[in-house]
Amino acid sequence: MSELHTLILETSTPLASVAIVSPGGRLEQREFTGDRSHNAGLFAPLQELLDTGVRGSLGLVLVGSGPGSYSGTRVGIAAAQGVAIAAGCPAVAVPSILAVPSALEGECLAIGDARRGSYWAARLSPSGLPESPSLTDEAGLVALVEASLAAGHTVFTFEDPARFPLPTECRDLVRQEFPDSGRLWQAWNGACAENRAEWTAEIPQPIYLKPPHITPAKRSWLLPSQA
């Protein structure tokens, strides 16, 4: 059994949390509401947990990578990396959509609003996240949700189901669930060795639903000269 503690941060939704897991598996969690101000709400509970005497015995820091609140997820990842550097241990990002009751129970579909008429969806299985969340339009979202419900799979979202353009009979079956640090720990513990190795090898960053937008230079003098 490891003699080191694990710190977990989950800040991808307004209902955020931090937790410490002892070498014996005892979990102590603090919850807080953040929305657009995770940076203001995170550090008091984080400091409280670190002040319990675990600073010198951290062996791992886990952090939720979304998809969810982009600003909240970035704050959590930055804090996780800072603590990990100070403790000399790895920081590992785990998809937040694995840290909800439905994802821990079996096959399901996670959906979210990507704004501007786009939506994202991700199929989850007991083994984890088979593929990254993909973007779709309204018709694609309806088709995915209807197919999942017809197969007897749960559909969940971090958001209010009423915001999705779904038939009423489908929308009423969509669950609203939120990830937390304790379930992120469960997702990590239940992940296969391959998933753990993949997450550990990557630098923690939010799950991106769209490529970063890069505005090309408009002034010729900003561009390299053509020889």
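Only one of the numbered conditions (1) more than 16 Å from Thr200 (Cα to Cα); (2) part of a strand (DSSP E or B); (3) under 12 Å from the mean Cα position of the chain (by Cα); (4) among the hydrophobic types (A, V, I, L, M, F, W, C) is violated by Ala121, and that is (3).
Conditions (1) farther than 19 Å from Gly182 by Cβ; (2) out of contact with any strand residue (DSSP E or B) (no Cβ under 8 Å at 6 or more places or on another chain), marked per residue:
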position: Glu105; (1), (2): no, no
position: Ile111; (1), (2): yes, no
position: Gly117; (1), (2): yes, yes
position: Ala121; (1), (2): yes, no
position: Ser125; (1), (2): yes, yes
position: Leu149; (1), (2): yes, no
position: Phe158; (1), (2): no, no
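Exactly one residue out of Cys89, Cys170, Cys108 is at pLDDT 95 or above, more than 19 Å from the chain's Cα centre (by Cα) and within 30 Å of Ala201 (Cβ to Cβ), and it is Cys89. Pairs are defined by a Cβ separation below 6 Å, a sequence spacing of at least 6 or placement on different chains, a first member in region 32-43 that is among the small types (Gly, Ala, Ser), and a second member that is modelled with pLDDT of 60 or more and assigned to a loop (DSSP other than H, G, I, E, B); the pairs so defined are Gly34/Pro14; Gly41/Gly34. Checking region 13-30 against the condition returns no match, with no residue being over 29 Å from Leu109 (Cα atoms), at pLDDT below 90 and either more than 19 Å from the chain's Cα centre (by Cα) or part of a loop (DSSP other than H, G, I, E, B) (or both).
Can you spot a residue in region 151-158 that is surrounded by fewer than 10 Cβ atoms within 10 Å (Cβ to Cβ) and modelled with pLDDT under 95?
No: region 151-158 contains no residue that is surrounded by fewer than 10 Cβ atoms within 10 Å (Cβ to Cβ) and modelled with pLDDT under 95.
The values are calculated or read from the model by the stated rules, or taken from the named source; none is laboratory data. For clarity, every value in this text was computed on a predicted model and none was experimentally measured. A quick note on method: Cβ atoms are made from the backbone with ideal geometry, for glycine too, and the neighbour counts reach across all protein chains shown.
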